[in-house]
1. Can you name the residue in the range 106-126 that is assigned to a strand (DSSP E or B) and among the polar types (S, T, N, Q) and is also farthest from Thr92 (Cα to Cα) among such residues?
2. Anything in the range 63-74 that is assigned to a helix (DSSP H, G or I) and surrounded by 13 or more Cβ atoms within 10 Å (Cβ to Cβ)? List them, or say none.
3. Within the range 21-62, track down each residue that is free of Cβ contacts under 8 Å to residues at least 24 places away in the same chain and assigned to a loop (DSSP other than H, G, I, E, B).
4. Could you tell me which residue of the range 64-83 is farthest from Val21 (Cα to Cα), considering only residues that are among the small types (Gly, Ala, Ser) and at pLDDT 85 or above?
Amino acid sequence: MRRPARSTKLARMLNSPDKGVSQTHGITGVPAGLFRSWLEQLQIDHRMWGVLLHQYINNSDFKDASNRYRTSLRGNLTKSLYHPEMTWKTLTKGAQFLQAAELHIKATLKMPDGTVVEATDVVVFDTKRVEIDDEDKPKDMQPNE
């Protein structure tokens, strides 16, 4: 029996005031915290999450895929995006999920002697194409050709 949407981990995260930012931890919590902060700033609720997920899964790269493939892809993506720990690679998928055109990354180091070192980079997304990594592709399933 399926649980009501409000009782899922995803729904609890989306309904929390800070989108669960306070639940992230450690080095792998940094990307998750950033993603959840974006959700908070963009005011993504459960309804909007569904719209974004529908648009992501139904983009031109997957429109001819089997329903089973797309259902599995939807579940894998959702699970990786609401987890309190994520990789930087998953963070970039999250930015694509949110339909970002670019992701600007700036890292600042403060050295013991007070020296500050900064590095920046920009990831430009092709907004017409969504890339799915092998780790998110459903096991033993391939899109119809």
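1. So the residue we want is Thr108.
2. Tyr69, Arg70, Thr71, Ser72, Leu73, Arg74
3. Ile27, Gln43, Asn58 - these are the residues of the range 21-62 that are free of Cβ contacts under 8 Å to residues at least 24 places away in the same chain and assigned to a loop (DSSP other than H, G, I, E, B).
4. Out of the qualifying residues, it is Ser72.
The values are calculated or read from the model by the stated rules, or taken from the named source; none is laboratory data. This one's a predicted model, so the numbers in the text were calculated from it and none came from an experiment. Using ideal geometry, Cβ is built from the backbone for each residue, glycine included, and neighbour counts are taken over all protein chains shown.
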